[in-house]
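The values are calculated or read from the model by the stated rules, or taken from the named source; none is laboratory data. These numbers come from a predicted model, not from an experiment. Here the Cβ positions follow ideal geometry from the backbone for every residue, glycine too, while neighbour counts run over all protein chains shown.
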Amino acid sequence: MLSTIKRSLPLQLLIAAMLAWVFATIMPTVANITEPVAEQTWYQLILLGKTTYIGLLKMVIGLVVMLSLMQGITNIGSTLKLKTLGVSTLAFYSLTSIIAISLGLGAALLMPEWQPLIEPVVVADHINLIEQDTVTGSSITAKLLAMALVNPFSALVNGNLLAIVLFSLLFSVSLLRSLPQNHVLFTVIAGLNDGLNKLVQSIIRLAPIAVFAIVFEFTITGNNGLFGQLALFALLVFVLTLIHGAIVLPALAKIFTGIKFSTLFKAISAPLAMAFATSSSSATLPLSMQVAENELGVSQSTSSFVLPLGAVMNMDGTALFEGVAAIFLAQLFGIDLSTTGIVMIFIMAMVSSVGAPGMPSGSMSGMQLVMLAAGIPLEGIAILLIIERPLDTFRTAVNVEGDLIAALVVDKWQQDKI
């Protein structure tokens with residue numbers, strides 16, 4: 001039993017959350033505490049777990065997004081492929097991401113509001129938000145440009161992920177144009193990215209400590225509705241992800257290529273199972289490329305471009321999750337989202353899903369961008385981690401499905417041009 005718990009992070013998170021709830025429920029009575037809990041030394045020590053975990057995430061988040069995105073772009077191999085296949089690929093990826101985010105936000109906003117657990121929080125001064133009275137296309141564009149067009153080192157220091165994503169895209173394309181395909185710099189980027197992903201995985205192993213602190217704090221200062229709301233939230237995300245993966249994506253494949261649902265799912269069942277088991281689109285990539293070429297008849301030139309790019313840039317399930325999660329956390333923390341806030345969530349969910357690492361819980365990196373844009377406290381990440389990993393398995397499978405369907409559609413478009 002102990003070995004099972006040691007190997008299973010989701011089980012550790014669940015146990016930590018339950019222990020925190022029990023401890024926070026009985027502690028004030030058993031200890032006969034009369035003074036405010038917030039002034040107790042033991043309470044402050046428990047909250048150090050949250051502070052440490054959030055601090056570690058802030059420390060690496062910028063580099064994680066930068067290096068994972070740079071590796072994905074530089075893996076393309078040449079600017080010629082980028083010109084011939086890039087437009088078609090990015091167009092289809094954008095279409096599916098827009099549908100996924102719209103589905104998630106639409107359903108989340110139509111649902112009854114989640115009950116706040118604590119008093120509404122004050123948005124920090126450093127959060128970049130568009131004023132409610134300036135909800136116009138030009139003001140949103142100007143604000144986004146002001147956020148994006150800054151020094152990349154300043155962006156890394158300040159955690160400006162939008163600027164990091166833009167710089168990574170532009171710099172990666174420049175590297176492809178100026179360096180040979182086998183240049184050592186591309187190997188260095190891949191090595192740094194692998195090492196940083198290992199570091200992130202180590203940080204995530206500390207998540208049970210943060211979850212204990214977060215749930216304990218919420219139980220002490222709020223109410224006990226957290227677990228019930230988390231269950232409803234998880235159910236909503238699962239249903240929406242299932243709709244996108246079982247109906248929306250196959251329908252697009254049918255419309256653009258004529259392939260039948262049964263034929264499609266029979267061909268891609270192995271990569272979907274691998275993605276479900278590993279929660280990693282990157283780990284599934286070799287199998288996806290093999291299936292795309294052998295089972296779906298996609299040309300090698302198309303699959304070698306579309307699928308590696310999709311493993312980093314096409315995250316429909318992630319985008320959907322981040323949109324729903326942003327609405328959920330905003331209402332949980334008592335934040336009244338304006339129309340501008342919803343627009344920012346939509347935009348940032350698309351941007352952040354592009355840079356999400358193709359590894360378990362990789363969406364937690366991009367989730368910070370969405371939360372910062374909406375003024376949601378980063379503590380919400382630890383809340384999501386309680387149920388994020390089980391959802392991550394389904395989400396990753398949908399991400400891989402989207403990559404395979406994109407390869408099929410883009411290859412059909414390329415053949416029609418010939």
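Tabulated data for the structure shown
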| item | result |
| --- | --- |
| Flag for Ile98 being out of contact with any strand residue (DSSP E or B) (no Cβ under 9 Å at 6 or more places or on another chain), at pLDDT 75 or above and surrounded by 12 or more Cβ atoms within 10 Å (Cβ to Cβ) | yes |
| Residue check, Ser299 of a type in the set (Ser, Thr, Tyr) and buried (at least 22 other Cβ atoms within 10 Å of the Cβ) | no |
| Subset of region 158-186 that is among the hydrophobic types (A, V, I, L, M, F, W, C) and free of Cβ contacts under 8 Å to residues at least 24 places away in the same chain - its residue that is surrounded by the fewest Cβ atoms within 10 Å (Cβ to Cβ) | Val184 |
| Single residue of Met350, Met344 found to be surrounded by fewer than 24 Cβ atoms within 10 Å (Cβ to Cβ), among the hydrophobic types (A, V, I, L, M, F, W, C) and modelled with pLDDT of 70 or more | Met350 |
| Any hit, region 184-192, residues being assigned to a helix (DSSP H, G or I) and at pLDDT below 80 | no |
| Check on Gly380, surrounded by fewer than 24 Cβ atoms within 10 Å (Cβ to Cβ), modelled with pLDDT under 75 and either of a type outside the set (A, V, I, L, M, F, W, C) or closer than 17 Å to Thr318 by Cα (or both) | yes |
